[in-house]
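A short worksheet on the structure shown next.
Read the figures in this text as sums done on the coordinates, not as results from a lab. All values derive from a computational prediction rather than experimental measurement. Neighbour counts are summed over all protein chains in view; Cβ atoms, including those assigned to glycine, are modelled from backbone coordinates with ideal geometry.
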Ligand code: PEP
Ligand code: MN
């Protein structure tokens with residue numbers, strides 16, 4: 001249920017409304033706008049329907065939300081919200097480019113790549129320190145040492161950093177170093193992890209699971225928001241289909257559909273989406289053309305020596321070319337880079 005207050009509603013009236021919601025054993029999430037306050041009521045829909053909420057003073061409208069997600073619903077905010085990662089705003093006019101290697105491998109590697117991508121126009125540096133690998137025998141990431149290297153790369157480049165959290169037990173140490181948490185595709189429905197990052201002060205980028213529907217993705221995001229963290233980005237990174245020519249099938253349909261359904265900014269990861277270096281730029285351009293608020297792509301200075309995902313990483317000069325071309329598409333659809 002979404003309640004919108006009248007422009008002239010007083011603070012006492014709002015408090016009274018919140019008290020009534022609490023008395024009924026329901027939870028309220030308040031979003032204050034310049035003119036009106038929007039209150040999202042969470043709890044059994046049938047209990048809420050029994051309450052004559054529209055009769056409470058100061059209430060302008062009461063809209064039942066029949067969708068199973070409420071806080072992520074576009075109606076809750078009415079427009080795309082802006083999520084800040086360090087001082088970079090995602091969800092505004094600028095299409096934000098996030099880039100970096102799949103894994104942090106060494107100081108020289110992450111600082112070197114960080115410098116190259118910053119020079120080319122990237123705004124956020126990515127790099128995995130805790131890696132979700134299909135095989136337990138593959139490189140698992142440098143862990144806390146990797147986080148420290150990311151922080152050094154931030155100091156050298158000025159770029160805020162995003163890195164993956166796989167286990168709630170690592171969250172505290174990741175929070176000490178990162179500017180944004182990434183929940184990977186394989187953990188999209190790890191509900192205890194979602195609740196944990198929902199209690200974090202850091203923004204969260206939630207990647208779509210490889211077999212997850214758009215609704216599943218929104219329900220997972222709802223877990224994070226329901227714990228109080230509204231700074232969430234959704235990331236389309238390709239789903240599994242019958243197609244074997246590409247690593248995944250980048251579902252660009254998700255971009256306009258998500259933007260119609262939710263106020264959360266939408267990121268597209270063409271790198272994991274297609275998995276083939278030579279086609280990453282094409283898909284990045286398509287992502288921006290269909291309205292992505294940000295793109296994430298992997299870059300490596302020596303892909304043949306990369307400890308993970310070398311075959312899909314762009315070389316720094318290819319990334320530079322991507323940024324230049326993305327700029328043109330962004331302008332064509334009324335955005336900037
Ligand atoms: C990654 O970003 O390197 C990654 C592991 O992504 P995903 O969770 O989408 O596979
Ligand atoms: Mn990767």
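Label segment 83-332 by shape, choosing from rounded, prolate and oblate, from the square roots a ≥ b ≥ c of the eigenvalues of the Cα gyration tensor; if a/c is under 1.5 it is rounded, and otherwise prolate applies when a/b is larger than b/c, oblate when it is not. Here segment 83-332 falls in the rounded category.
Extension gain, residue 108 to residue 55: 0.36 nm times the residue separation minus the Cα-Cα distance gives 12.7 nm. Relative to the longest principal axis of the Cα atoms of the chain, the long axis of helix 214-226 makes an angle of roughly 70 degrees.
Angle of helix 107-120 to the longest C-alpha principal axis of the chain, folded into 0 to 90 degrees and rounded to 10: 70°.
Over the Cα atoms of segment 2-64, the radius of gyration divided by the Kirkwood radius equals 0.92; this is the Rg/Rh ratio. Over the chain, what is the relative contact order in percent, taking alpha-carbon pairs closer than 8 angstrom and at least six residues apart? Value for the chain: 16 percent. Annotation: peptides 178-185, 273-280, ranked by per-residue average of other Cβ atoms within 10 Å with the highest first, follow the order 178-185, 273-280. Kindly express, to the nearest 10 degrees and within the range 0 to 90, the angle between helix 11-23's C-alpha long axis and the longest C-alpha principal axis of the chain. Once rounded, one gets 90 degrees. Peptides 322-335, 145-158 ranked from most to least packed give 145-158, 322-335, packing being the mean of other C-beta atoms within 10 angstrom over each peptide's residues.
Rounded if a/c is under 1.5, else prolate if a/b is larger than b/c, else oblate: which is segment 81-215, with a ≥ b ≥ c the root eigenvalues of its Cα gyration tensor? Oblate.
Short-range pairs are left out: with C-alpha atoms under 8 Å and at least six residues apart, the relative contact order of segment 2-64 is 48 percent. Each part reduced to its alpha carbon centroid, segment 288-337 and segment 186-217 end up 24 Å apart. In bins 10 Å wide, starting from 0, what share of all Cα pairs of segment 140-211 does each bin hold, as a percent? Going from the shortest bin to the longest, the percentages are 20, 52, 25, 3.
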